[in-house]
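Okay, so here's the structure we're looking at.
The values are calculated or read from the model by the stated rules, or taken from the named source; none is laboratory data. Because the structure is predicted, anything quoted here is derived from the model rather than measured. Cβ placement follows ideal geometry from the backbone for every residue including glycine, while neighbour counts extend to all protein chains displayed.
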Amino acid sequence: MSKPFYITTAIDYTNAAPHIGHAYEKVLADALARYHRACGEEVFFLTGVDQHGQKVQQAAARLGISPADFTRQITEGFLYLWNRLGISNDRWAATTDPLHHHCVRTILDRLHDAGQLYKAPHTGYFSVRQEQFLTDKERNADGEFGPEWGEVVFLEEENWYFRLADHREWLLEFLGSRPGVVLPAFRQVELINAAAKISGDLCISRPKSRLSWGIEFPFAPDFVTYVWFDALINYISFAGYHSEDPAEQARFDRLWPSDAQVIGKDILVPAHGIYWLCMLHAMGFPDDKIPTLLVHGWWNLDGGKMSKSLGNIVDPVDLADRYGVTALRYYLLRDISTGQDADFNSGRLESLYNSELANGLGNLLNRALNMTRRYCEGCLRPLPTEADRDPRTSALLSTLSDSWSAYHEAMRAHDVQGGLGVIQRAVQEANTYAEQMAPWKLAKDPTQAALVAETLTTLCLAARQAAAQLEPVTPDASSAILAQLRLPRAFSFAEILDFPDNHQVGDPVPVFPRLEPPSETNSPASPA
Ligand code: MSP
């Protein structure tokens with residue numbers, strides 16, 4: 001059996017409600033997972049929540065509830081949203097899961113036995129917000145720690161360290177010799193530059209006296225595991241690594257390494273690019289078992305960051321309520337190039353949806369079905385052979401056929417925006433073909449009946465193909481289109497052309513109702 005496509009996303013912090021950036025990452029991974037499933041590959045798609053750490057403990061304390069209750073409430077918000085957005089993950093990684101605890105503790109034990117961990121005292125300034133000790137590098141020009149670090153306290157404590165610096169040379173050599181292990185390529189360069197600066201080891205414990213909400217060290221019960229060290233392990237714990245169940249372990253051997261760990265640009269350095277890769281190396285993973293990191297950019301607002309403290313968070317639930325899930329998923333993948341940043345703009349969402357889905361594919365489907373019912377008794381007819389076809393039909397069919405390779409190339413390169421562009425161009429050509437052929441005029445002349453059938457069948461097949469190719473991005477709309485065409489999903493050009501003789505299509509029902517004209521402001525959608 002071929003290797004499954006294993007895709008994960010960063011697990012979301014449970015100290016705040018999900019926002020549009022989180023939603024983008026899940027929708028991107030979901031579209032890639034759905035695409036690979038459609039190609040007939042076995043897919044394992046993992047996502048989840050990062051539930052431990054000081055910030056969670058503090059947020060729970062502020063509300064006067066236990067971290068466990070706090071975590072449960074916030075996790076429900078994420079689960080609700082992923083369900084609403086149709087995220088098709090195969091497994092849910094919640095780091096409070098005993099399975100994950102077991103795996104983290106086993107890894108700590110093994111690394112300890114292998115001499116990769118040591119205990120040492122440390123004295124210094126500590127940022128409570130960032131949960132890290134600060135060095136002079138973090139001081140600003142005035143010699144102070146800036147507001148981004150929040151409350152800074154002076155601490156003296158013993159902790160456990162991971163010998164990160166021992167893996168520096170390996171990491172540099174590995175990154176230098178494996179182009180494509182971090183995507184896009186400019187992020188690999190950024191990581192190499194950061195890896196060259198690794199100087200110290202990584203503190204991976206927190207004394208229980210100040211943080212109890214974490215995974216206890218198996219050989220040092222006064223300590224819990226640093227939240228990043230714990231969270232990164234989710235990628236392997238939930239795939240079966242160190243599982244007590246042999247079937248799970250066997251699955252891990254089959255799945256790993258992950259083909260795409262989808263993360264935002266802010267968590268490449270140091271978390272995924274340095275800590276995680278060095279952790280895997282220290283655990284004994286050979287170079288060919290190191291995962292690929294797919295680093296996406298950020299959705300910004302008015303060119304700037306969205307953040308809770310700035311009060312400019314765009315809420316995906318509001319957007320889904322206002323525009324529908326299809327429009328939201330489409331926009332989140334259509335208006336950003338994987339790896340680059342984009343600016344969220346509700347006017348763009350409306351105009352892209354209206355022009356490409358409502359006026360583009362929606363119109364194509366609607367006219368194809370309406371006229372098939374009116375002029376061809378609702379039936380698709382076998383297409384004439386190449387020699388007997390109208391040249392304009394041949395030209396459109398050749399566009400549709402060619403678009404598959406461009407579509408696959410884009411999707412395999414994680415370029416969903418490019419894949420959607422390919423679909424869009426084919427839909428435009430199909431609509432132009434409809435105008436040129438003008439079957440409503442041809443239908444007035446009974447001698448043209450065969451050409452009318454050829455035209456309308458071709459238009460229905462163009463809509464079928466667009467629905468099939470769009471499925472990873474707009475699964476519900478694609479199913480609705482195929483249901484109206486009464487055709488099953490097809491995922492190659494030969495299959496698109498394959499339908500039963502005298503196949504009867506259904507009634508047209510608008511799949512993409514038009515949205516209100518773009519609003520004048522660039523403000524996030526809000527029901528207010
Ligand atoms: N908990 C860590 C990840 C641990 S992975 C072992 C974390 N969580 S997060 O909730 O802050 O972010 C989750 C993901 O959302 C990250 O990949 C982050 O880059 C992404 N995004 C957060 N804001 C974003 C945007 N504005 N735009 C796009 N994605 C962004 O980091």
Fill in the blank from the handout: The residue that is surrounded by the fewest Cβ atoms within 10 Å (Cβ to Cβ), considering only those in the stretch 212-251 that are part of a loop (DSSP other than H, G, I, E, B) and within 16 Å of the ligand (Cβ to nearest atom), is Tyr241
Problem - Unmet criterion (only one of (1) surrounded by fewer than 21 Cβ atoms within 10 Å (Cβ to Cβ); (2) under 26 Å from His112 (Cβ atoms); (3) of a type outside the set (Lys, Arg); (4) touching a residue at least 40 places away in the same chain (Cβ under 8 Å)) for Trp276 - result: (1)
Practice task
Go through the residues of the stretch 398-414 one by one and say whether even a single one is of a type in the set (D, E, K, R) and crowded, with 19+ Cβ neighbours inside 10 Å.
Solution key: no
Handout entry: Any pair with Cβ under 6 angstrom, 6 or more apart, that starts in the stretch 131-154 at a residue that is closer than 26 Å to Ser212 by Cα and hydrophobic (A, V, I, L, M, F, W, C) and ends at one that is modelled with pLDDT under 90 and in a strand (DSSP E or B)
Key = Phe133/Phe126; Leu134/Ser127; Trp149/Ser127; Val152/Ser127; Val153/Phe126
Handout entry: Pair list, Cβ under 7 Å, 6 or more apart: the stretch 31-42 residue closer than 22 Å to Leu328 by Cα, other residue among the β-branched types (Val, Ile, Thr) and assigned to a helix (DSSP H, G or I)
Key = Ala31/Val416
Exercise for the section: Filter the stretch 92-126 for residues that are surrounded by fewer than 16 Cβ atoms within 10 Å (Cβ to Cβ) and either polar (S, T, N, Q) or within 14 Å of Thr225 (Cα to Cα) (or both) and give the result. Expected result: Asp109, Tyr118, Lys119, Thr123
Practice task
Quick one: which residue in Glu190, Glu169 is of a type outside the set (A, V, I, L, M), more than 16 Å from the ligand (Cβ to nearest atom) and over 30 Å from Phe70 (Cβ atoms)?
Solution key: Glu169
Problem - Flag if Arg84 is within 15 Å of the ligand (Cβ to nearest atom), surrounded by fewer than 24 Cβ atoms within 10 Å (Cβ to Cβ), at pLDDT 95 or above and not aromatic (Phe, Trp, Tyr) - result: no
Practice task
Please enumerate the residues belonging to the stretch 303-348 that are hydrophobic (A, V, I, L, M, F, W, C), touching a residue at least 60 places away in the same chain (Cβ under 8 Å) and within 15 Å of the ligand (Cβ to nearest atom).
Solution key: Met306, Ile313, Val314, Leu319, Leu328, Leu332, Leu333, Ile336, Phe344
Problem - Long-range neighbours under 6 Å by Cβ, at least six apart or interchain, first residue without any contact (Cβ under 8 Å) to a residue 60 or more places away in the chain within the stretch 13-24, second more than 6 Å from the ligand (Cβ to nearest atom) and β-branched (Val, Ile, Thr) - result: Asn15/Val56
Problem - Scan of the stretch 182-211 for residues that are modelled with pLDDT of 95 or more, outside any strand (DSSP E or B) and of a type in the set (Gly, Ala, Ser), ordered by number - result: Ala185, Ala194, Ala195, Ala196
Problem - Test: residue in the stretch 260-282 that is more than 14 Å from the ligand (Cβ to nearest atom) and in a loop (DSSP other than H, G, I, E, B) - result: no
Fill in the blank from the handout: Looking across the stretch 7-48 at residues that are of a type in the set (Ser, Thr, Tyr) and within 15 Å of the ligand (Cβ to nearest atom), the single one that is surrounded by the fewest Cβ atoms within 10 Å (Cβ to Cβ) is Tyr13
